[in-house]
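Chemist: Here it is, the structure in full.
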Amino acid sequence: MNSYEWLQTIGFFAVLLLLVKPLGSFMARVYQGERTLLSPVLVPCENVLYRICGVNQDEEMNWKRYTIAMLLFNLILFVALFAMLMLQHLLPLNPQKFPAFTWQLALNTAISFVTNTNWQAYGGEQAASYFTQMVGLAVHNFISAATGMAIAIALIRGFVRRRTELLGNFWVDLTRTTLYILLPIAFIAATLLVSQGVIQNFNAYKAIPLVQSTSYNKPRLDAKGSPLKDAAGTPLTESVTVNAVTIPMGPVASQEAIKELGTNGGGFFNANSAHPYENPTPLSNMLEILLILLIPGALTYTFGVMVGNTRQGWMLLGVMLFILIASFGVLQWAESSGNPLVAKLGVGSINMEGKDVRFGLAGSSLFAVATTGTSCGAVNTMHDSLTPIGGLIPLSLILLGEIIFGGVGSGLYTMLAFAIIAVFVSGLMIGRTPEYLGKKVEVREMWMSILVILTAGVTVLILSGIAMLTPQAVASMANPGAHGLSEVLYALASMANNNGSAFAGLNANVNFYNLFGSLAMTLGRYVPAIAVLAMAGSLAEKKYVPPSLGTLPTDKAPFALWLTLVILIVGALTFFPALALGPIVEQLTMLGGT
Amino acid sequence: MSKHIPPPQSAFDKHLLKSALLESIKKLDPRTLWRNPVMFCVEIASCITLVTFFMSLTGANKEPAWFTGTVTAWLWLTVIFSTFAEALAEGRGKARAASLRKSRTDVTAKLVTKPEFKSAFTTVGASQLRMGDLILVEGGEMIAGDGDVVAGAALVNESAVTGESAPVIRESGGDRSAVTGGTTVISGSIIVKITANPGETFLDRMIGLIEGAKRRKTPNEIALEVLLIALTLVFMLVCANISPLSIYSVKMAGHGTPVSLTVLVALFVCLAPTTIAALLPAIGIAGMDRLFQKNVIALSGRAIEAAGDVNVLLLDKTGTITHGNRQAVSFVPVGGHSEQELAEAALMASLADETPEGRSVVILAKEKHGLTRETPFGAEVVEFSADTRLSGINLEGTHYRKGASDSTVAFVKTLGGKSIPSDLENVVDKIARGGATPLVVCRDSQILGAINLKDIVKAGIQERFLQLRSMGIRTVMITGDNPLTAAAIAAEAQVDDFLAQAKPEEKLRLIREYQEQGFMVAMTGDGTNDAPALAQADVAVAMNTGTQPAREAANIIDLDSNPTKLLDIVEVGKQILMTRGNLTTFSISNDIAKYFAIIPAALLSIYPQLGVLNVMQLASPFSAILSAVIFNAIIIPLLVPLALKGTRFRPMPAERLLIHNLLIYGVGGIIAPFVGIKAIDMVIGMVV
């Protein structure tokens, strides 16, 4: 890294850490129903909303009611979005006259946005109307994020409360998250993004004639959209001449802000945050990375405040930061080492393929680890074009279960499930029935934690096995071989872990990925969510065990180290064989010079 | 304390090994093995490789038969090692149970209708006795069942149950009324009301527990098993996943062979947490057995594990913290009398006093003042009575008395004594404030001074409490003494807290209070009035000398009736959990090396580049896979001694303990298989 990149990276983390405490304590106040700076304005709004919806905000729910409310709400939203996509051609704000989605794509997209995945098997500016983008997708960006946070808060209450079955009111948590946290920050962020040149309009797309016409080789696709290949397996191409370009327009800024803030990641444009209208400057780039990490980072502090020991939160943040920074370091190293085969050609050793010069190597690497460590999935870099080891990093961050900051809410609750597993084993090792935050870890907590941390991984293992035996799934690869395996593994991992970013190089709009992907996203979101709420219910009913000298402190370095090891070992043991056949063999092949 | 249990056998006693070996083959029955789900999966895996072995014999499988055959053999050995470990742990208990059963020879009982000795009886077999029946037991007869003495008193030899050869008194009423079936009345007659149906008696329960027949998995064990099952499932999927991935890779690379079923199954067994799963049952059984060696019977495994979690110990002062008898430590004269004068009078007043306190006065007078006297002929002995609350003798018209301060003063006044020494009150107060008991001595109407009777705190008890404190366990002393005395002794013994003038309901309240605050409370007790508190406590240790209600309310019974045992029980409880945790960590850490052995070997034909991952430089793919399988199997018998003895427990703060164990079992668990697999590979290289 050059000195500018050092400065940029260190400055970035400094700003992030400075924001953790103020935002974290603000969120704690919001969830504990205390007065905040925004209360004078928002309390009346809140009350009106509750009155309209018939919600009694003082009535708390047990875990079952909380879960049913969450699931029901998500189901309704899913049906609404599915219908909207199927009826897109009939709805307003569609200047480009986009047709309706196919049912498979609509299903995949609706599930994708409800589950906070934002996997996009369509290209935003080529398929979705302004109405779909704003009323459908952007709204889901808020709601799916708020759902994740509500679940995380319910789990924290499970730790905090004693001898009760009540976990709070889902509707109130959902409303407060949206009104007090997501909307204000998104508003500020959108304004800042507009200042950097992100567009916000409802204009029709603009056709701009080119000063000099140009031609390029376009891959030929068959009727299903898969690339055609000749007998040797090389993709067939045809030459195309271009005289004018169409510049897409749209209400981008408003969607861009929540896309990152809610760790959603669904781009307005297909190029996502690499598109100059989504992410025009190095500053907007840093701002977007900040938005991605902001809430997941600050939630650890909220957690600390609510459980009455902020060191517990800092410990979790420390583990996350450690893995994030280490990943960033490896990625940055791999990309600056580049491909020795390319270096031999004398075109420089740094791998800039698939990266934007305006972000630079560090700005691209940091975005890549932030977006995959969280379940965001926005991209400013082609992950497919990273070096094999470079590509291994985002893939591994997803496979770890989206806990390195993780999705808003979901990152924290998945991390807490890991902490419970870590506490269990370490508790045994010191000769005590394990306890975490004063609550005993027993059979039920073990079952639920295991469901939380293993559902996505198990889904990926099963589906990637099926994919390799399914001709349609294999045919979608643009680069057959070890790299193709990485592409499929990444796509399935991304959906099962609700990340939503694409490695690219894979035609995902085929039935296999649309349908199995929908299944993966649904399982990856709701199985852990229900398990977390069930666990919150059982934790809340337990009595509190005060810590003594015999209790393992979970807010100190030894436990943080142990937690890090548990996370890395679980991830490595689950995916080592698959990774060996994908990125690892690819890297060895590259170094072998063939 | 004598041992009734057969002399402690080494785990590797020849006879035990032989019967364990036989038992371990019997345990391969899938109908019993499924209780250990991980090993059950390994058994299925062994069956699969057995099939691939036959297929390679017939040529249907291209892998060499020596390879599939050896893998199969070692997979079966893995299962057998695990059943062997369990059988070995059970075997030790069974040997003890057999010796107990001998004492349960067929006994007859004299059934009576009324609790009267004169009434007629009918003779019935012990197996016909039911709860509520009354039986008459006379000298030389064996008591046919558990019960309470409702009439009479007898000297009972309980060595069959407790190992204590000195007979004990059992009598109706009070705290010594419980009798145990299988024990023998030496002299005296008693009428016993039977309190347990045949098959449910104390002895039956003990035998069942020791044999492990009644052993239920503890909640903690189940929670760990959940984790192990989940890991097993994941590894099953990981291995299943390799198959299609390798088929695809072969297609793309254009050469090589997909990973075979034998290799996948071998990889699965190596990755599955077999080490801990194989030893898990043995750890629990061995823990109970270790307690039994200390003459403690836990009525459930849960109770022992709860003991490991205890953070408040309620200890009876008497017998646990102090020796239980107050002893005279000094004479304090008053009113200008000399110490010698006081010692002489005190000696006279104590000559006929057979209580331990009285004896200690005689001993002090001898040791400190060189005084020795026999009870003079013609002396009139005045025994302690509830009325006067004084004792002493009258000799040649002189009254020697000792007693509590107010009683003695009252006595002196009745004799016409007018002047009570002005410094008496001061002296008495001073002794009492020091946690001791002042006994005031008088000779006729003259008060000479006070004897300082002190409760002696057991040597070394402070260190024990210090250890407990460092483990985060609070000690609370329970005593019937007044707060002043209690405070002084508490300070001397360095307990964290005390409950003075404790009544049964006070104890119950204290336990509830601690539990409300989330503490796990352990207590010991023996009296019937302790029963409610014992029932409330999380870990309740009843003395075997205690009453039936106390024994029923408890979940642990101490055959030696030694209250300090609680500390041993806590230790064993912690050891069981630690051994489980350490072996789990070890088992999972092992997987890293196994991956490095098997993955390059399995995929080498597809991608020769992966040879780089063969960091151990294992000779060939076959030998690499075999070495991993063999290591995975033989680590089980190698760790059996650890599972049976338990990880060594050293009291230290949790964090240091974790680091200590992580270094040994975590880091050690990563390194050991690299060394072991490489060594086995070298041996294979020499053989093949």
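Chemist: Which one is farthest from the other protein chains (Cβ to nearest Cβ) among residues in the range A:395-425 that are among the β-branched types (V, I, T) and not in a helix (DSSP H, G or I)?
Modeler: In this case the residue turns out to be A:V408.
Chemist: Here's a follow-up. If a residue must be touching a residue at least 12 places away in the same chain (Cβ under 8 Å), more than 8 Å from chain A (Cβ to nearest Cβ) and more than 19 Å from B:M55 (Cβ to Cβ), how many such residues does the range B:246-263 contain?
Modeler: Of the residues in the range B:246-263, 3 are touching a residue at least 12 places away in the same chain (Cβ under 8 Å), more than 8 Å from chain A (Cβ to nearest Cβ) and more than 19 Å from B:M55 (Cβ to Cβ).
Chemist: Take the range B:522-536 and flag every residue that is under 16 Å from the mean Cα position of the chain (by Cα) and surrounded by fewer than 24 Cβ atoms within 10 Å (Cβ to Cβ).
Modeler: Scanning the range B:522-536 gives no hits.
Chemist: Another question, if that's okay. Please determine, by comparing only the residues of the range A:518-552 that are modelled with pLDDT of 95 or more and of a type in the set (V, I, T), which one is nearest to A:R444 (Cα to Cα).
Modeler: Out of the qualifying residues, it is A:V532.
Chemist: Hey, another quick one. Within the set of pairs 6 or more residues apart or between chains, which connect a residue that is under 16 Å from A:S25 (Cα atoms) inside the range A:180-191 to a residue that is among the β-branched types (V, I, T) and at pLDDT 95 or above with Cβ atoms less than 6 Å apart?
Modeler: That search, which allows pairs on different chains as well, returns A:Y180/A:V30.
Chemist: Something else: Anything in the range A:526-570 that is within 11 Å of chain B (Cβ to nearest Cβ) and under 21 Å from the mean Cα position of the chain (by Cα)? List them, or say none.
Modeler: Listed by number, the residues that qualify are A:L568, A:V570.
Chemist: For the range B:647-671, name all the residues that are out of contact with any Lys or Arg (no Cβ under 7 Å at 6 or more places or on another chain), part of a loop (DSSP other than H, G, I, E, B) and facing chain A (nearest Cβ under 10 Å).
Modeler: B:T647, B:P651, B:M652, B:P653
Chemist: Exactly one condition in (1) within 11 Å of chain A (Cβ to nearest Cβ); (2) touching a Cys at 6+ places or on another chain (Cβ under 9 Å) is false for B:S243; which is it?
Modeler: B:S243 satisfies every listed condition except (2).
Chemist: Find the residue count for the range B:498-555, including only residues that are of a type in the set (S, T, Y), outside any helix (DSSP H, G or I) and within 14 Å of chain A (Cβ to nearest Cβ).
Modeler: Count: 0.
Chemist: Name the residues in the range B:605-630 that are under 47 Å from the mean Cα position of the chain (by Cα), in contact (Cβ under 8 Å) with a residue 60 or more places away in the chain and either facing chain A (nearest Cβ under 9 Å) or assigned to a helix (DSSP H, G or I) (or both), would you?
Modeler: B:S623, B:I625, B:L626, B:A628, B:V629, B:I630
Chemist: Could I ask something else about it? Every residue in the range B:416-432 that is modelled with pLDDT of 80 or more and surrounded by 13 or more Cβ atoms within 10 Å (Cβ to Cβ), please.
Modeler: Within the range B:416-432, B:I420, B:P421, B:D423, B:L424, B:E425, B:V427, B:V428, B:D429, B:K430, B:I431, B:A432 meet the criteria.
Chemist: Could you grab me the full set of residues in the range B:417-463 that are under 30 Å from A:G427 (Cβ atoms) and in contact with a helix residue (DSSP H, G or I) (Cβ under 6 Å, 6 or more places away or on another chain)?
Modeler: Once the filter is applied, which keeps residues that are under 30 Å from A:G427 (Cβ atoms) and in contact with a helix residue (DSSP H, G or I) (Cβ under 6 Å, 6 or more places away or on another chain), the range B:417-463 yields only B:I461.
Chemist: So, of the residues in the range A:103-130 that are part of a helix (DSSP H, G or I) and aromatic (F, W, Y), which turns out to be nearest to A:T177 (Cα to Cα)?
Modeler: A:F113
Chemist: Here is a further query. Given the conditions (1) polar (S, T, N, Q); (2) without any contact (Cβ under 8 Å) to a residue 24 or more places away in the chain; (3) in contact with a helix residue (DSSP H, G or I) (Cβ under 7 Å, 6 or more places away or on another chain), report the number of the one that A:Q88 does not fulfil.
Modeler: (2)
Chemist: Looking at (1) buried (at least 17 other Cβ atoms within 10 Å of the Cβ); (2) more than 10 Å from chain A (Cβ to nearest Cβ); (3) under 38 Å from the mean Cα position of the chain (by Cα); (4) among the β-branched types (V, I, T), which is the one condition that is false for B:I634?
Modeler: (1)
Chemist: OK, next. Could you count how many residues in the range B:637-648 are buried (at least 20 other Cβ atoms within 10 Å of the Cβ) and of a type outside the set (S, T, Y)?
Modeler: 5
Chemist: A further question follows. So which residues in the range B:556-604 are part of a helix (DSSP H, G or I), among the polar types (S, T, N, Q) and more than 9 Å from every other protein chain (Cβ to nearest Cβ)?
Modeler: Result: B:S587, B:N590.
Rundown of residues vs (1) without any contact (Cβ under 8 Å) to a residue 40 or more places away in the chain; (2) among the acidic types (D, E); (3) at positive phi, yes/no style:
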site	(1), (2), (3)
A:L166	no, no, no
A:F170	no, no, no
A:G197	no, no, yes
A:V211	yes, no, no
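Chemist: Just to check your reading of the model, which residue among B:D406, B:D387 is out of contact with any helix residue (DSSP H, G or I) (no Cβ under 9 Å at 6 or more places or on another chain), among the charged types (D, E, K, R) and assigned to a loop (DSSP other than H, G, I, E, B)?
Modeler: Just one listed residue meets the conditions, B:D387.
Chemist: Now for a different question. Please work out which residue is nearest to B:V427 (Cα to Cα), limiting yourself to the range B:369-415 and to residues that are touching a residue at least 12 places away in the same chain (Cβ under 8 Å) and of a type in the set (G, A, S).
Modeler: Here the residue is B:S405.
Chemist: Next up: Residue under question is B:F292, and the condition is that it be aromatic (F, W, Y), within 30 Å of B:I473 (Cβ to Cβ) and more than 14 Å from chain A (Cβ to nearest Cβ); does it hold?
Modeler: yes
Chemist: Looking at the range A:91-100, is at least one residue modelled with pLDDT under 95, assigned to a loop (DSSP other than H, G, I, E, B), charged (D, E, K, R) and in contact with a strand residue (DSSP E or B) (Cβ under 8 Å, 6 or more places away or on another chain)?
Modeler: No - not one qualifying residue is present in the range A:91-100.
Chemist: Separate question: For the range A:426-484, how many residues are among the hydroxyl-bearing types (S, T, Y), under 23 Å from the mean Cα position of the chain (by Cα) and more than 7 Å from chain B (Cβ to nearest Cβ)?
Modeler: Adding up the residues that qualify gives 3.
Chemist: Continuing with the same structure: Answer yes or no as to whether B:Q548 is surrounded by fewer than 24 Cβ atoms within 10 Å (Cβ to Cβ) and at pLDDT below 90.
Modeler: Taking the combined requirement at face value, the residue satisfies it.
Chemist: Within the bounds of the range A:556-566, is there any residue that is touching a Phe, Trp or Tyr at 6+ places or on another chain (Cβ under 9 Å) and of a type in the set (G, A, S)?
Modeler: Yes, the range A:556-566 contains a residue that is touching a Phe, Trp or Tyr at 6+ places or on another chain (Cβ under 9 Å) and of a type in the set (G, A, S).
Chemist: Can you name the residue in the range B:161-184 that is assigned to a loop (DSSP other than H, G, I, E, B) and touching a strand residue (DSSP E or B) at 6+ places or on another chain (Cβ under 6 Å) and, of all such residues, is modelled with the highest pLDDT?
Modeler: B:T183
Chemist: In the range A:552-576, which residues are of a type outside the set (A, V, I, L, M), crowded, with 21+ Cβ neighbours inside 10 Å and part of a loop (DSSP other than H, G, I, E, B)?
Modeler: Within the range A:552-576, just A:T554 meets the criteria.
Chemist: Here's a follow-up. So which residues in the range B:241-291 are within 27 Å of A:A478 (Cβ to Cβ), surrounded by fewer than 24 Cβ atoms within 10 Å (Cβ to Cβ) and aliphatic (A, V, I, L, M)?
Modeler: Within the range B:241-291, B:I247, B:V250, B:M252, B:A253 meet the criteria.
The values are calculated or read from the model by the stated rules, or taken from the named source; none is laboratory data. Nothing here was measured: the structure is a model prediction, and the numbers come from that model. All Cβ positions, even for glycine, are placed from backbone atoms using ideal geometry, and neighbour counts span all protein chains on display.
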